[in-house]
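Worksheet: one structure, shown below.
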Amino acid sequence: MGIDSVETGDAGLVRRVLAGDARAYAALVARYRNRLGRYAFHMLGNAEDAEEALQDAFVRGYRSLHRCNGPERFGAWLYGILVNCCRTTGARAARRGRVFLHDDAVVSAAALPGPAERAEWEDLVRWALARLAPECREAFLLKHLEDLEYGEMARLTGAGISALKMRVKRAREQLQVLLKEAERV
Amino acid sequence: MFEDRPDIVERVVSYLKRPVRIDAALDRRVMEEIASVAPPRARGLLTAWLTGRRIAVSPLGALAAAAGLAAIVVVAYRGALSERAGAGATGEGVARQYSFVVRAPQATRVSLVGDFNDWDAARTPMRRVGAESAVWTTAVPLAPGRYRYAFLADGSRWLADPAAPLARDEEFGPPSSVVTVGGS
């Protein structure tokens, strides 16, 4: 994932950045760009917002790198920043009307995509994901895309484990409903 | 009630896990933006790590200790902050001596870390109020200003001060509290 040509471990690169070698941060960015980008892309639903959140996360990560107390866990630490950046970007995008509304009524009454729109499974999945409440989509992606334990998810999101389990359950249920309905049309 | 169709969810997950390629131009944009940002400096706890006195606290690494942390946080009552007459000056304005108190019955050592000591756990160790006491205290001189701080128990467990506002950092990091010292 990312660039394989950089052989230096995360901790070594973090040390170099903290010692004043800003170029070492480029290696970290390249290493984590696609890995973190996958979450951002699926969380926000489009490449433009994903790149905005990703850039914000990398810059914030740089500014606060001295607070990364486990440099060998730089990736996990940066992941936490990204989750917050995706929330911010998602809220901003929602205000711009780029994403769909997310309440239950909207989910159940959402118009299904037309045949052309759902020609591809990918489109269908993006359509369904976009109709989940942001907190449910976030929990679903952290659990099933990133394979995180609930404890880790709680740490990243600030939500309780019970709430997270409920969100994942709701996300799974809603995805099933949405995709089943779409398959019927 | 809908029929449970886990296979659909599994198909979704399978699709989501495919690699996503983000435009490599992002790297250039990030590096251009951070060129105007003050470089981060190794300091405080990280300095301890760099010099081999590693303090094993990281956002996810701390998860393993979450149960223990919660136990201490729950029993931690009032981290009282009281002003005492003091002298000296640091930074802008006249510094006064402030006492920090926290209850951490399971800890064998506690340090006060914050903006005022570069988050260096070695600089401000706390002492027990009594030999068997669970209450720890220390005092530091603070000039007027806003400071973030936390207590570090046994070198690895962060305790925010339950009696003070939590720091609302935009960065992801361990919990910390905020104290604002007014001028007089």
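Could you give the length gained on full extension between B:Asp23 and B:Thr108, defined as 0.36 nm per residue of separation minus the Cα-Cα distance, in nm?
25.6 nm
Provide the per-residue ³J(HN,Hα) series for segment B:118-134, in order, calculated from phi with Karplus coefficients 6.51, -1.76, 1.60 and θ = phi - 60°, each as a whole number of Hz, with x at glycine and proline positions.
6, 6, 9, 5, 7, 7, 9, x, 9, 10, 5, 5, x, 4, 9, 6, 9
If you count, for each residue, the other Cβ atoms within 10 Å and average over each peptide, how do B:27-35, A:26-34, A:54-62, A:85-93 line up from highest to lowest?
In decreasing order of mean packing, B:27-35, A:26-34, A:54-62, A:85-93 become A:54-62, A:26-34, A:85-93, B:27-35.
Under the definition of partner shielding as Cβ atoms of other protein chains within 10 Å of a residue Cβ, what is the mean value for peptide B:29-35?
For this peptide, the per-residue mean of nearby foreign Cβ atoms is 6.
Counting only other chains, and only Cβ atoms inside 10 Å, what mean value do you get across the residues of A:29-40?
Per residue, the average neighbour count from other chains is 4.
Hey, fewest Cβ within 10 Å first, where do A:Trp127, A:Trp121 land in order?
Arranged by neighbour count, lowest to highest, A:Trp127, A:Trp121 become A:Trp121, A:Trp127.
Averaged over A:80-93, how many beta carbons belonging to a partner chain fall within 10 Å of each residue's beta carbon?
1
How about segment A:1-92: which GluC sites (Glu not before Pro) there are in a DSSP loop, with at most 14 other Cβ atoms within 10 Å of their Cβ?
Listed in order of number, the matching sites are A:Glu7.
Only the coordinates and a few stated rules stand behind these numbers; no lab work does. From a predicted model like this one, the values you see are computed outputs, not experimental measurements. For neighbour counting, all protein chains shown are included, and Cβ atoms are generated from backbone atoms with ideal geometry for every residue, glycine included.
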